[in-house]
Amino acid sequence: MPVVSAEIVVPVDPATAFAVSQTSGRVRRRWDPFISEQQFLDGATTAGKDVLTFTRQRLGFSMVSRYVSYAPPTNVGMVMVDGPWFFTKFGGGWRFSPASSGSGTLAVWKYNFSCRPAWLAPMAEWIGVRVLGFEIRRRIAGFARGCADPVVLEAVRG
């Protein structure tokens with residue numbers, strides 16, 4: 001199963017970095033270039049283990065995912081429940097730890113996936129590693145901007 005990952009050091013503590021990563025609505029769209037729409041499902045109003053979310057990617061692909069872990073301020077994980085036809089499996093995890101420099105937070109985001117149909121999977125997964133790699137690097141750079149954005153920081157600290 002292919003894995004793509006990205007990491008970055010942001011200038012806030014792990015609790016703040018985690019909180020920024022879990023923003024929603026207008027605040028989330030200030031920093032997250034990946035999504036065009038995201039919402040909690042089944043009456044949930046906040047993230048948590050077993051909560052379902054709907055996410056529409058900026059190019060129109062959509063996915064329903066379930067939080068399989070939610071452990072502020074250190075990590076969060078999700079798996080696809082329903083999504084694009086070409087994914088057999090899709091999951092991801094975001095980890096937040098104090099940066100080794102002693103200042104800021106190291107954010108490490110990893111995604112794994114498998115594609116279908118089986119005969120096309122080797123080529124689709126090769127392409128997927130490159131496309132998702134580009135997207136995750138773009139997204140984590142947006143997250144870093146969010147961790148320095150006064151509007152986003154006020155929303156998570158307020």
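Probing with 1.4 Å while keeping every protein chain in the model, the per residue accessible area of the chain equals 53 Å².
Accessible area of Leu59 (1.4 Å probe, protein heavy atoms only, ligands and nucleic acids ignored): about 120 Å². Rolling a 1.4 Å probe over the protein heavy atoms leaves Lys89 with an accessible area of roughly 110 Å². In this structure the amide hydrogen of Ser62, modeled in the peptide plane, comes within under 5 Å of the amide hydrogens of Gln57, none closer than 5 places in sequence on its chain. In terms of the Cα gyration tensor, with a ≥ b ≥ c the square roots of its eigenvalues, is segment 84-158 rounded because a/c is under 1.5, prolate because a/b exceeds b/c, or oblate? It is prolate, given that a/c is not under 1.5 and a/b is the larger ratio. The residues neighbouring Phe90, those whose beta-carbon lies less than 13 Å from its own, together hold a net charge of +1 under the Lys/Arg +1, Asp/Glu -1 convention. Backbone geometry of segment 44-60 corresponds, through the Karplus equation with coefficients 6.51, -1.76 and 1.60 at θ = phi - 60°, to 3J(HN,Hα) couplings of 5, 10, 9, 6, x, 4, 6, 6, 9, 10, 10, 10, 10, 6, 4, 8, x Hz, x marking Gly and Pro. Exposure check, 1.4 Å probe, all protein chains in place: Arg145 carries approximately 140 Å² of accessible surface. Counting only protein chain heavy atoms and rolling a 1.4 Å probe, the accessible areas of Ser5, Ser101 rank, largest first, as Ser101, Ser5.
In terms of accessible area, using a 1.4 Å probe and ignoring ligands and nucleic acids, Trp85, Trp126 rank largest first as Trp85, Trp126. For the pair Leu120 and Thr45, the difference between a 0.36 nm per residue extended length and the Cα-Cα distance amounts to 23.1 nm. Each 10 Å bin from zero holds the following percent of Cα-Cα pairs in segment 1-120: 13, 41, 35, 10, 1. Relative to the longest principal axis of the Cα atoms of the chain, the long axis of helix 121-146 lies at roughly 10 degrees. Note: relative contact order over the chain, using C-alpha pairs below 8 Å and six or more positions apart, is 32 percent.
Under the shape rule built on the C-alpha gyration tensor, where the axes satisfy a ≥ b ≥ c, segment 75-121 is prolate, since a/c reaches at least 1.5 and a/b is greater than b/c. Ordering Tyr70, Tyr111 by accessible surface, largest first, gives Tyr70, Tyr111; the 1.4 Å probe counts only protein heavy atoms, with every chain in place. Seen from all directions on average, segment 6-76 presents a Cα convex hull projection of 5.2 nm².
The values are calculated or read from the model by the stated rules, or taken from the named source; none is laboratory data. Keep in mind the model is a prediction, meaning the values are calculated, not measured. FYI the Cβ positions are ideal-geometry reconstructions off the backbone, even for glycines, and counts take in every protein chain you see. Areas reflect the complete protein model, heavy atoms only, side chains present, ligands, DNA and RNA absent. Shrake-Rupley method; radii C 1.70, N 1.55, O 1.52, S 1.80 Å.
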